[in-house]
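To keep things clear, I will list the structure first and then write my remarks on it.
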Amino acid sequence: MKLPAFFIAHGSPLLALEDNEYTRFLERLGADLGTPRGIVVFSAHWDSPEQLLTVDEQHETLHDFYGFPNELYSLAYPAPGDSALSRRISGLFTDNNLPHQPVLGRGLDHGVWVILKKMFPEADIPVVVLSVDSLRSPEEQYHIGQMLAPLREEGILLIGSGGLVHNLRLLKQEDQPEQWALDFDAWIAEGLAAWDLPTLFDYDTRAPHARDAVPTYGREHFIPLFYIMGTADEGRRAQLMTQAYQYGTLSLSCWMID
């Protein structure tokens, strides 16, 4: 069965401890998806000029954040890897002349394990993590996603983990979103509904409040959208599954791409 792909916001690491509307959505989504043969995640927290992929048989859990409650650092997500899936991905990259490198022993960053812990709490589905490159053009990012489209026919769940609005410098105490954040998300939604690639690829000059929503230091959180869109270039359908906000300037959205 061909699986849809997803862009999923991972928000604050505290989501791993929280019980709210968004975390309950992730739990329902995982239950609805059943048990994929494997999970491949483009992670915002692995930004590299070279395409990298994990090849571990067993993943460690990275607590790549600081200043949070001690309880958060005790959480683990000991998901296995899948060497055969890693080789399959490497083959697809090779077939498309994309230089890439296997990486052993990296572990799962919080952009990966926080959402997967909610979706698939048993940590028994193999996971392969892929890097993103915030300096590539959106067209290149999209094309890399296209290379992996065959995996959706093979029982593999493809996820882009990041955040469409991700401004840590303008965080507020309350969750009520800033109007500029709402405007930016609405603009992205319009572009996705039309699958308007030229406009979306030029988001940094065309989108309202793009510099606030996607500041230079936070671009890596936005671009997993283009990677995951590429995996659905054949169908070109996008559906907003849920939308919420944290601290006014972090959007918690999930887009199903099919």
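The values are calculated or read from the model by the stated rules, or taken from the named source; none is laboratory data. Given the structure is predicted, the values throughout are model-derived calculations rather than measurements. Positions of Cβ are backbone-derived with ideal geometry, glycine not excepted, and every protein chain shown enters the neighbour counts.
Take the residues in the stretch 6-30 that are closer than 26 Å to Leu85 by Cβ and of a type in the set (D, E, K, R), then tell me which one is surrounded by the most Cβ atoms within 10 Å (Cβ to Cβ). Per the stated criteria, the residue is Glu27. You will find that of Asp183, Asp175, the residue that is in contact with a Phe, Trp or Tyr (Cβ under 6 Å, 6 or more places away or on another chain), surrounded by fewer than 18 Cβ atoms within 10 Å (Cβ to Cβ) and either more than 25 Å from Ile39 (Cβ to Cβ) or free of Cβ contacts under 8 Å to residues at least 60 places away in the same chain (or both) is Asp175 and no other. Taken over the stretch 36-49, residues that are surrounded by fewer than 19 Cβ atoms within 10 Å (Cβ to Cβ) and under 13 Å from Val129 (Cβ atoms) amount to 2.
Of the listed requirements (1) in contact with a Ser or Thr (Cβ under 6 Å, 6 or more places away or on another chain); (2) in a strand (DSSP E or B); (3) loosely packed, with under 15 Cβ neighbours inside 10 Å, Ala76 misses just one: (2). As for the stretch 95-107, it holds no residue that is touching a Pro at 6+ places or on another chain (Cβ under 8 Å) and surrounded by 13 or more Cβ atoms within 10 Å (Cβ to Cβ).
Filtered by the rule that a residue be of a type in the set (A, V, I, L, M) and buried (at least 20 other Cβ atoms within 10 Å of the Cβ), the stretch 110-124 gives Val112, Val114, Ile115, Leu116, Met119.
Residues Leu33, Leu52: which one is more than 20 Å from Gly91 (Cβ to Cβ) and surrounded by fewer than 22 Cβ atoms within 10 Å (Cβ to Cβ)? Only one candidate passes the filter, namely Leu33. Report whether or not Ala189 is out of contact with any Phe, Trp or Tyr (no Cβ under 9 Å at 6 or more places or on another chain), modelled with pLDDT of 95 or more and of a type in the set (A, V, I, L, M). No; evaluated as a whole, the condition is false for this residue.
Checked against the criterion of being part of a helix (DSSP H, G or I) and of a type in the set (Val, Ile, Thr), the stretch 115-123 has at least one qualifying residue. Considering the conditions (1) surrounded by 15 or more Cβ atoms within 10 Å (Cβ to Cβ); (2) free of Cβ contacts under 8 Å to residues at least 60 places away in the same chain; (3) polar (S, T, N, Q); (4) under 23 Å from Gln146 (Cβ atoms), Gln239 is excluded by exactly one of them, (1). Screening Gly160 on (1) on the phi > 0 side of the Ramachandran plot; (2) outside any loop (DSSP other than H, G, I, E, B) shows it passes everything except condition (1). With respect to the stated conditions, Glu140 fails to be touching a Lys or Arg at 6+ places or on another chain (Cβ under 7 Å) and either surrounded by fewer than 14 Cβ atoms within 10 Å (Cβ to Cβ) or free of Cβ contacts under 8 Å to residues at least 60 places away in the same chain (or both).
Scoring Ser134 on the criteria (1) assigned to a loop (DSSP other than H, G, I, E, B); (2) small (Gly, Ala, Ser); (3) surrounded by fewer than 17 Cβ atoms within 10 Å (Cβ to Cβ) leaves a single failure, condition (3).
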